[in-house]
1. So which residues in region 224-238 are touching a residue at least 24 places away in the same chain (Cβ under 8 Å) and in contact with a helix residue (DSSP H, G or I) (Cβ under 9 Å, 6 or more places away or on another chain)?
2. Listed residues 337, 263; which is surrounded by fewer than 16 Cβ atoms within 10 Å (Cβ to Cβ) and aliphatic (A, V, I, L, M)?
3. List pairs: first residue in region 122-134 and over 12 Å from residue 95 (Cβ atoms), second residue aromatic (Phe, Trp, Tyr) and in a helix (DSSP H, G or I) anywhere in the structure, Cβ distance under 9 angstrom, at least six positions apart or on different chains.
4. Taking the options 154, 130, name whichever one is polar (S, T, N, Q) and either surrounded by fewer than 19 Cβ atoms within 10 Å (Cβ to Cβ) or at pLDDT below 95 (or both).
5. Does region 291-332 hold any residues that are more than 20 Å from residue 252 (Cα to Cα) and surrounded by fewer than 16 Cβ atoms within 10 Å (Cβ to Cβ), and which are they?
6. Regarding residue 207, is this residue touching a His at 6+ places or on another chain (Cβ under 8 Å) and either open to solvent by less than 30 Å² (accessible area, probe 1.4 Å) or more than 23 Å from residue 255 (Cα to Cα) (or both)?
7. Does at least one position in region 210-222 carry a residue that is more than 19 Å from residue 126 (Cβ to Cβ), aromatic (Phe, Trp, Tyr) and touching a residue at least 60 places away in the same chain (Cβ under 8 Å)?
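The values are calculated or read from the model by the stated rules, or taken from the named source; none is laboratory data. Every value quoted in this text rests on a predicted model; they were computed, and no experiment measured them. Cβ atoms come from the backbone with ideal geometry, glycine included; neighbour counts cover every protein chain shown. With ligands, DNA and RNA removed, areas are computed over all heavy atoms of the protein, side chains included. Shrake-Rupley method; radii C 1.70, N 1.55, O 1.52, S 1.80 Å.
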Amino acid sequence: MQQFQQEKQLAIIYTAKTVVMLSLLFVCCGLIFISSCLLGPEAGSNPKVVRSPTPKPAPAGNQGTIQLAANSGLWKAPQEEEIPAGATGEAIRYGRELIANTGKYFGPNGKIAAISNGMNCQNCHLNAGTKLFANNYSAFFANYPKKGARSGKTDQVTDRISDCFQRSLNGKMPDKSSKEVQAMIAYFKWVGQGPKKGEKPEGTATEKIPYLDRPADPKKGLLVYRKHCQSCHGENGAGQKSEDQLSYIYPPLWGENSYNDGAGMCRLSNFAGFVKNNMPYGIDHNSPVLKDEEAWDVAAYVNSRPRPHREQRKDYPDLSKKPIDAPYGPYPDPFPAEQHKYGPFQPIVTYAKQLQPKVEVNKGLTRP
């Protein structure tokens, strides 16, 4: 009996030791596993160093100088909650509504007048003109009145609005004294409250991306369009209308309801700079998807498609001030219209500088 008790005690002690050893082994394995997860494969050589996780790859594309400037002195739009109370605030909010949903009020079935193609101002001036490198209104109000190169006269704010209605919206200007036009002006003034006369904040208009050393190619642009644009704008470029059918969510890029050939978007440099930092829809200047050459080529494809024509014989009375990529003549140089439309543009730039070395070509804000 005594021998049995001794054997039982030995068995208990052995079992306890085994449990303790297994527990220690389990704890050690756990510590090794946790260390490998936190410190990485090289942690054993320096246990005090915690390795940073591998950063996620940036979206495909050519991010260029805009990415470097992402945290610099870029313009910041005022926030909607900063709109003042009272009659002034009501005018600003109404102006913003008209910019965001222009077709609803002035399109073919507009609530106020049927004087435009149904596109909205914010189809080209994204986020009601507050987005960086998307034709924002940061410098708009402060720089009027000014001498207009295209008109050859001193333009007022209402002249600029009229240009947009006649060219980008392929329609007619509303009454300049109307409540609606005055509300738009109030909104422009509020959005552009920071910049002073003559200033052009960083991030306004569109990026001027480097010229290609070849003509922009509509055939290559078609491939870019099918890959990145067709899902929103459609195979035939007709865009997508809003639920109420009064305006557009995604605007028509060609055809009878699109901008006419006198609009600023019909200039290749404007269109290419716009899509580089804003398309496909949802991206911004920090995350471009298209490479420079893709932006030029898709711009060439879209602007090679049929669209309404506008008589432009009176535009740019001083031809030396005409943009080199204006898609219609006459021109102050011997280069053909095809080259002015698709490039290569550098030979035209060089020629212009030789004739007028003090004149900056292709400067200024994106026109409507």
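1. Residues satisfying the conditions are 224, 225, 228, 229, 237.
2. So the residue among 337, 263 that is surrounded by fewer than 16 Cβ atoms within 10 Å (Cβ to Cβ) and aliphatic (A, V, I, L, M) is 337.
3. So the pair list comes out as 124/274; 126/274; 133/274; 134/274.
4. None of the others qualify; the one that does is 154.
5. Within region 291-332, 311, 313, 314, 317, 318, 319, 320, 329, 330 qualify.
6. Spelling it out, residue 207 is indeed touching a His at 6+ places or on another chain (Cβ under 8 Å) and either open to solvent by less than 30 Å² (accessible area, probe 1.4 Å) or more than 23 Å from residue 255 (Cα to Cα) (or both).
7. The answer is yes, given that some residue of region 210-222 is more than 19 Å from residue 126 (Cβ to Cβ), aromatic (Phe, Trp, Tyr) and touching a residue at least 60 places away in the same chain (Cβ under 8 Å).
Let's see how each residue does on (1) of a type in the set (Asp, Glu); (2) under 22 Å from residue 260 (Cα atoms); (3) assigned to a loop (DSSP other than H, G, I, E, B):
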{"position": "128", "(1), (2), (3)": "no, yes, no"}
{"position": "131", "(1), (2), (3)": "no, no, yes"}
{"position": "150", "(1), (2), (3)": "no, yes, yes"}
{"position": "161", "(1), (2), (3)": "no, yes, no"}
{"position": "164", "(1), (2), (3)": "no, yes, no"}
{"position": "172", "(1), (2), (3)": "no, yes, yes"}
